[in-house]
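A.B. asks: Here it is, the structure, as structure tokens.
The values are calculated or read from the model by the stated rules, or taken from the named source; none is laboratory data. Model, not experiment: these values are computed from the prediction. All Cβ positions, even for glycine, are placed from backbone atoms using ideal geometry, and neighbour counts span all protein chains on display.
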Amino acid sequence: MKYRKPQLLQGNEACVEGALDAGVRFFAGYPITPSTEIAEGMARKLPRVGGVFIQMEDEIAGMAAVIGAAVGGKKSLTATSGPGFSLKQENIGYAAIAEIPCVIVNVQRFGPSTGIPTAPAQGEVMQARWGTHGDRPIIALSPSSVYETYYLTTAAVNFSQKFRTPVILLLDEVVGHMREKVSLPASGRLMVEKQNYSDIKEYKPFDERKLPPLVPFGEGVYYHITGLVHDEHGFPTRHPEVVVRFMERLHRKINHHRKEIIMTDYTGHVEPKVCIITYGCTVRSARAALQKAYLQKRWPVSLLNLQTLWPFPAEEVKRLADRCDYLLVPEMNMGQIVGEVEKYAHGKAEVLGINRYDGDMITPGQIFQHIEGCFS
Amino acid sequence: MKSLREEFLRTNKLPHIWCPGCGNGIVTAALVRAIGKVGFEQKDVAVVSGIGCSSRAAGYLNFNTLHTTHGRALAFATGLKLAQPGLKVFVVMGDGDATAIGGNHFIHAARRNIDLNAIIINNHIYGMTGGQHSPLTPEGKKATTAPEGTLEREFNILELAVSAGATYGARGTAAQPRLLEKLIVGASQNEGFSVVEAMSTCPVSYGRRNRLGSAVDMLKDIKQRSVSVEKLETKAETTRPRRDIAEEGAEEEGETHDKQEEVIPVGVIFSRPAPEFVERYYRGLNKEKEGKEGKEEKEGQVES
Amino acid sequence: MVYRQEIMLTGAGGQGLILASIILADAAVQDDKNVVQTQSYGPEARGGESMAGVILDIDPIYYPRITSPTVLLSMNQQSFNKYIKRAGENCLVIVDSTFVEDVGNQPAYSYPITARTRLELEKEIVANIVALSIVNTMADLVSRQALQESVLKYTPEGSSDLNLQALELGRQLTHSYD
């Protein structure tokens with residue numbers, strides 16, 4: 001694969017580059033730190049590729065406009081932070097039930113509410129999963145570096161198109177704001193999900209057997225999009241059998257593709273006694289701790305970087321629980337993903353949370369201390 | 001009477017869910033006739049709606065239809081119109097939908113002067129949830145959440161629209177469907193943000209509680225109180241809140257204020273063309289493209 | 001051999017230190033070093049004090065926070081007092097004597113950065129570039145050519161000459177330690 005010349009890029013800027021390379025041509029949003037650079041980058045760059053940028057009157061409108069544009073056939077993305085992510089939830093649920101592809105970037109900051117503006121935290125792992133009312137599946141990805149931000153943004157756009165679902169990219173303030181050296185793939189070298197509107201005559205936007213791409217409004221296919229539970233053509237129904245089929249299909253389309261959607265990155269000992277399971281910027285601290293414990297001390301330690309948070313990498317955790325004595329779960333909250341790890345470890349390994357909630361990163365030392373504890 | 005364009009209706013989705021005496025059907029029919037009259041191609045028409053009784057209209061219309069979330073129809077429509085500028089977008093909302101939960105989107109759509117046609121069906125009440133007061137419930141009128149009559153003053157939505165920057169505003173009623181049709185045609189022809197307030201009836205949740213009689217009585221009352229803007233003496237009278245007009249009249253004649261006597265100015269309340277947002281956006285885009293060509297950025301350089 | 005360099009640029013908001021840190025980081029990319037640049041955000045970044053950090057390494061950089069600066073630049077007294085506590089024994093400390101009057105017992109290189117910039121270039125605005133040039137000359141972080149290219153890349157087109165003069169002034173100042 002060809003790469004561009006190395007460049008200095010901010011996490012938020014890498015998100016913009018990834019989105020544009022994946023074909024995003026519409027952005028609507030509302031200013032909020034620490035995500036604003038994404039909006040600013042889009043405002044500068046979208047017009048150059050014939051795309052549309054609009055700053056909306058509020059966060060809710062930003063989400064709504066993104067869905068509207070997706071219905072109009074544009075690959076669409078919005079970016080926000082904690083308070084705005086809360087405001088967007090209802091419409092994220094709408095996109096889920098109406099099966100409209102879109103990407104929501106949440107650059108996490110310390111909360112709840114205004115919290116500490118704008119210190120880093122990883123408090124929205126569960127909100128990403130369960131933030132909207134009702135039961136629906138979701139895809140959520142979380143990068144730990146500037147390059148991963150680029151890469152996972154393109155993955156988010158691709159998944160949103162392929163599975164016709166909202167995809168959440170959970171950045172955090174650290175990764176969003178830091179600048180790093182990166183070499184991005186040369187344009188045109190990226191796998192980009194393409195839409196193909198064949199079978200337009202027989203088109204069922206909510207086909208029960210397959211998942212056709214959304215034919216944009218204006219193509220001469222008259223169907224209905226609604227947040228009501230609907231049949232294959234989009235029309236409201238409350239017939240229990242149809243409702244059950246609908247709900248099962250909504251979940252199945254994600255669950256049946258777990259292998260494709262779940263991305264993890266494993267480093268360290270092949271037969272570890274201790275494994276660190278973490279995500280986002282905390283992966284960086286874990287890597288530094290791993291370097292000391294595994295490379296310098298030669299302890300059997302490893303690291304599982306959860307690039308995909310939802311659907312949760314259950315199989316990966318189960319396998320590790322079978323082999324390890326300890327699973328360490330550092331996160332910048334009071335314990336969110338640790339509950340999932342416990343669920344799938346099923347008592348086979350001891351699960352220890354490592355938490356920090358004072359508005360700064362977990363340090364490598366803090367993690368190393370826990371590793372040391374497992375070996376003494 | 002003009003016939004409805006059958007291909008514009010999803011007849012297999014009928015009968016509709018609206019109660020007997022509801023004005024929504026009349027307004028929807030006027031919309032269909034107006035679209036037929038303007039001659040828009042079916043595939044170019046999108047109907048976006050929010051949540052509430054009126055918003056169900058989208059499901060019965062055979063266009064590109066998008067039934068969204070409560071209050072947000074205009075924000076969805078803004079994204080849709082920007083993504084597909086060729087679409088002729090009609091946004092059907094109720095009074096609570098458009099002016100309470102959706103009030104912010106309403107004023108900002110007007111401010112941008114984006115080419116959307118907002119059809120606000122004003123029945124003065126939240127019908128679907130069973131009769132709670134809305135920002136368009138007249139002061140003193142009863143609702144389940146205002147059992148003694150609401151203390152709140154109502155919006156004059158066309159006044160709101162004009163000051164926010166809308167370029168076409170008209171008021172029609174379910175009692176005069178032909179006029180309403182004409183006004184929607186006018187809205188469709190305006191390149192910019194257009195608002196048509198369609199005064200309607202909710203005999204079940206509003207009329208009954210306020211002793212306004214049957215649906216027919218309510219429609220008759222609306223018709224009697226409707227005065228064409230051309231017949232009103234000054235321009236100020238057409239845009240100022242209706243109550244003031246009625247009150248001034250009442251004071252002169254030394255009568256007590258009776259809300260039933262309020263005048264409903266109908267017709268084109270304002271029309272003041274101004275540059276349209278989406279057109280301006282794309283015009284700017286083409287200019288930018290021309291300027292940028294041949295001046296690619298350094299970051300595009302490729303290295304193996 | 002640990003190469004890792006942790007550079008802390010501190011001062012008041014508006015002194016251009018964040019831009020200086022980005023320029024330094026960009027120059028490091030041109031030199032094919034690994035680099036991470038961070039800055040303090042939040043209310044203190046809107047006026048008040050400002051801190052930007054640059055970490056350079058040959059190995060991958062994981063933890064992005066500065067743990068113990070190897071280079072500390074302070075452009076005002078307040079930031080000196082705050083960040084000097086984090087400087088280790090071998091930390092190279094550089095201060096702008098225009099604003100930092102009291103360095104206590106701390107061995108520090110003190111240059112009248114802003115005053116000399118004002119005097120010789122008549123534009124105080126490039127004091128950050130002068131300071132950056134001093135830091136780079138003293139600590140030998142990135143190549144002169146890369147730094148110059150990055151300065152030109154991140155500053156307005158019309159101000160190229162001024163910024164090149166600022167780089168030169170910085171180098172000259174290092175010869176005239178007071």
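A.B. asks: For segment B:51-70, check the following and say yes or no: at least one residue is β-branched (Val, Ile, Thr), in contact (Cβ under 8 Å) with a residue 24 or more places away in the chain and out of contact with any Ser or Thr (no Cβ under 8 Å at 6 or more places or on another chain). Reasoning before the result, please.
C.D. replies: Step one: filter segment B:51-70 for residues β-branched (Val, Ile, Thr), giving B:51, B:65, B:68-69.
The next check asks that each one be in contact (Cβ under 8 Å) with a residue 24 or more places away in the chain; those that pass are B:51.
Going one step further and asking which of them are out of contact with any Ser or Thr (no Cβ under 8 Å at 6 or more places or on another chain), we end up with none.
No: segment B:51-70 contains no residue that is β-branched (Val, Ile, Thr), in contact (Cβ under 8 Å) with a residue 24 or more places away in the chain and out of contact with any Ser or Thr (no Cβ under 8 Å at 6 or more places or on another chain).
A.B. asks: Does any residue in segment A:334-362 that is at pLDDT 95 or above come within less than 7 Å, Cβ to Cβ, of a residue that is buried (at least 17 other Cβ atoms within 10 Å of the Cβ) and among the basic types (Lys, Arg) six or more places away or on a different chain, and which pairs are these?
C.D. replies: A:MET361/C:ARG65; A:ILE362/A:ARG356
A.B. asks: Out of (1) over 24 Å from B:ASN156 (Cα atoms); (2) free of Cβ contacts under 8 Å to residues at least 60 places away in the same chain; (3) of a type in the set (Lys, Arg), what's the single condition that is false for B:ARG111?
C.D. replies: Only one criterion is unmet by B:ARG111, namely (1).
A.B. asks: Scan (1) part of a helix (DSSP H, G or I); (2) facing another protein chain (nearest Cβ under 9 Å) for the single condition A:PRO34 breaks and write down its number.
C.D. replies: For A:PRO34, the exception is condition (1).
A.B. asks: Which of the residues spanning segment B:81-102 are among the small types (Gly, Ala, Ser) and under 19 Å from B:THR167 (Cβ atoms)? Full working, then the answer.
C.D. replies: If we filter segment B:81-102 for residues that are among the small types (Gly, Ala, Ser), which is where we start, we get B:83, B:86, B:94, B:96, B:98, B:100, B:102.
The answer is B:ALA98, and nothing else.
A.B. asks: Looking for something under 20 Å from C:LEU173 (Cβ atoms) and part of a helix (DSSP H, G or I) - is there at least one such residue anywhere in segment C:71-79?
C.D. replies: Step one: list which residues in segment C:71-79 are under 20 Å from C:LEU173 (Cβ atoms), which gives C:71-77, C:79.
Narrowing further to those that are part of a helix (DSSP H, G or I): C:77, C:79.
The answer is yes; a qualifying residue exists.
To keep it simple, each residue is scored yes or no on (1) away from chain B (no Cβ under 14 Å); (2) outside any helix (DSSP H, G or I); (3) farther than 30 Å from A:LEU352 by Cα.
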{"site": "A:PRO216", "(1), (2), (3)": "no, yes, yes"}
{"site": "A:MET247", "(1), (2), (3)": "yes, no, yes"}
{"site": "A:LYS259", "(1), (2), (3)": "yes, no, no"}
{"site": "A:GLU271", "(1), (2), (3)": "yes, yes, no"}
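A.B. asks: Does segment A:51-65 contain any residue that is within 21 Å of A:LEU250 (Cα to Cα), among the charged types (D, E, K, R), more than 15 Å from the chain's Cα centre (by Cα) and more than 10 Å from chain B (Cβ to nearest Cβ)?
C.D. replies: No, the conditions are met nowhere in segment A:51-65.
A.B. asks: Additional query: Check A:HIS233, A:HIS224 and return the single one that is more than 30 Å from A:LEU306 (Cα to Cα), within 14 Å of chain B (Cβ to nearest Cβ) and either modelled with pLDDT of 95 or more or touching a Leu at 6+ places or on another chain (Cβ under 9 Å) (or both).
C.D. replies: Details: A:HIS233 fails: either modelled with pLDDT of 95 or more or touching a Leu at 6+ places or on another chain (Cβ under 9 Å) (or both).
None of the others qualify; the one that does is A:HIS224.
A.B. asks: Hey, another quick one. Being within 14 Å of another protein chain (Cβ to nearest Cβ), hydroxyl-bearing (Ser, Thr, Tyr) and either in contact with a Ser or Thr (Cβ under 7 Å, 6 or more places away or on another chain) or in contact (Cβ under 8 Å) with a residue 60 or more places away in the chain (or both) narrows it down to one of C:SER74, C:SER79, C:SER68, C:SER110, so name that one.
C.D. replies: Among C:SER74, C:SER79, C:SER68, C:SER110, only C:SER68 is within 14 Å of another protein chain (Cβ to nearest Cβ), hydroxyl-bearing (Ser, Thr, Tyr) and either in contact with a Ser or Thr (Cβ under 7 Å, 6 or more places away or on another chain) or in contact (Cβ under 8 Å) with a residue 60 or more places away in the chain (or both).
A.B. asks: Restricting to segment A:236-245, what's the tally of residues that are within 12 Å of another protein chain (Cβ to nearest Cβ) and not in a loop (DSSP other than H, G, I, E, B)?
C.D. replies: Adding up the residues that qualify gives 1.
A.B. asks: Within the bounds of segment A:266-274, is there any residue that is at pLDDT 95 or above, of a type in the set (Val, Ile, Thr), surrounded by fewer than 19 Cβ atoms within 10 Å (Cβ to Cβ) and under 28 Å from A:MET191 (Cα atoms)?
C.D. replies: The answer is yes, given that some residue of segment A:266-274 is at pLDDT 95 or above, of a type in the set (Val, Ile, Thr), surrounded by fewer than 19 Cβ atoms within 10 Å (Cβ to Cβ) and under 28 Å from A:MET191 (Cα atoms).
A.B. asks: Hey, does segment A:146-160 have a residue that's aromatic (Phe, Trp, Tyr) and within 18 Å of A:ASN255 (Cβ to Cβ)? Give the steps one after another, and end with the answer.
C.D. replies: Taking segment A:146-160 first, the residues aromatic (Phe, Trp, Tyr) are A:147, A:150-151, A:159.
Remaining after also requiring within 18 Å of A:ASN255 (Cβ to Cβ): A:159.
Yes - at least one qualifying residue is present in segment A:146-160.
A.B. asks: Please go through segment A:17-31 and give me each residue that is under 16 Å from A:GLY62 (Cβ atoms), within 14 Å of chain B (Cβ to nearest Cβ) and not in a strand (DSSP E or B), ordered by number.
C.D. replies: Correct list: A:TYR30 only.
A.B. asks: Please verify whether A:ALA43 is out of contact with any helix residue (DSSP H, G or I) (no Cβ under 9 Å at 6 or more places or on another chain), more than 10 Å from every other protein chain (Cβ to nearest Cβ), at pLDDT 95 or above and under 21 Å from B:THR78 (Cα atoms), treating the condition exactly as stated. Steps first, answer last, please.
C.D. replies: On the way: out of contact with any helix residue (DSSP H, G or I) (no Cβ under 9 Å at 6 or more places or on another chain): yes; more than 10 Å from every other protein chain (Cβ to nearest Cβ): yes; at pLDDT 95 or above: yes; under 21 Å from B:THR78 (Cα atoms): yes.
Against the criterion (out of contact with any helix residue (DSSP H, G or I) (no Cβ under 9 Å at 6 or more places or on another chain), more than 10 Å from every other protein chain (Cβ to nearest Cβ), at pLDDT 95 or above and under 21 Å from B:THR78 (Cα atoms)), A:ALA43 qualifies.
A.B. asks: Got a number for residues in segment B:66-100 being in a helix (DSSP H, G or I), within 25 Å of B:GLY36 (Cβ to Cβ) and at the interface with chain A (Cβ under 7 Å from one of its Cβ atoms)? It would help to see each step written out before you state the result.
C.D. replies: Initially, segment B:66-100 is screened for residues in a helix (DSSP H, G or I), giving B:73-83, B:95-100.
So of that shortlist, the ones also within 25 Å of B:GLY36 (Cβ to Cβ) come out as B:73-74, B:76-77, B:80-81, B:98.
Applying the additional criterion that residues be at the interface with chain A (Cβ under 7 Å from one of its Cβ atoms) yields B:76-77, B:80.
Residues that pass the stated criteria total 3.
A.B. asks: Among residues belonging to segment C:27-58 that are at the interface with chain A (Cβ under 9 Å from one of its Cβ atoms) and in a loop (DSSP other than H, G, I, E, B), point out the one that is modelled with the lowest pLDDT.
C.D. replies: Checking each candidate, the answer is C:GLY42.
A.B. asks: May I pose another question? Look through segment C:96-109, keep the residues that are buried (at least 17 other Cβ atoms within 10 Å of the Cβ) and within 17 Å of C:ILE134 (Cα to Cα), and return whichever of them is nearest to the chain's Cα centre (by Cα).
C.D. replies: Kept after step one, since they are buried (at least 17 other Cβ atoms within 10 Å of the Cβ), are these residues of segment C:96-109: C:96-100, C:103, C:108-109.
Imposing the further condition that a residue be within 17 Å of C:ILE134 (Cα to Cα) reduces the set to C:96-100, C:108-109.
Working: C:ASP96: 11, C:SER97: 14, C:THR98: 15, C:PHE99: 15, C:VAL100: 15, C:ALA108: 14, C:TYR109: 13 Å.
Of everything passing the filter in segment C:96-109, C:ASP96 is nearest to the chain's Cα centre (by Cα).
A.B. asks: What do you reckon, is A:ALA321 within 23 Å of A:GLY123 (Cβ to Cβ) and of a type outside the set (D, E, K, R)?
C.D. replies: Values: within 23 Å of A:GLY123 (Cβ to Cβ): no; of a type outside the set (D, E, K, R): yes.
Taking the combined requirement at face value, the residue does not satisfy it.
A.B. asks: Among what's in segment A:295-338 and is touching a Pro at 6+ places or on another chain (Cβ under 8 Å) and not in a strand (DSSP E or B), pick the residue that is surrounded by the most Cβ atoms within 10 Å (Cβ to Cβ).
C.D. replies: The qualifying residue surrounded by the most Cβ atoms within 10 Å (Cβ to Cβ) is A:MET332.
A.B. asks: What's the number of the only condition in (1) of a type in the set (Ser, Thr, Tyr); (2) touching a Gly at 6+ places or on another chain (Cβ under 6 Å); (3) away from chain B (no Cβ under 12 Å) that A:THR78 fails to meet?
C.D. replies: All conditions are met except number (3).
One line per residue, one yes/no per condition, for (1) more than 22 Å from B:GLY21 (Cα to Cα); (2) in contact (Cβ under 8 Å) with a residue 24 or more places away in the chain:
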position	(1), (2)
B:MET128	no, yes
B:GLY131	no, yes
B:PRO135	yes, yes
B:ALA143	no, yes
B:GLU148	yes, no
B:ALA161	yes, yes
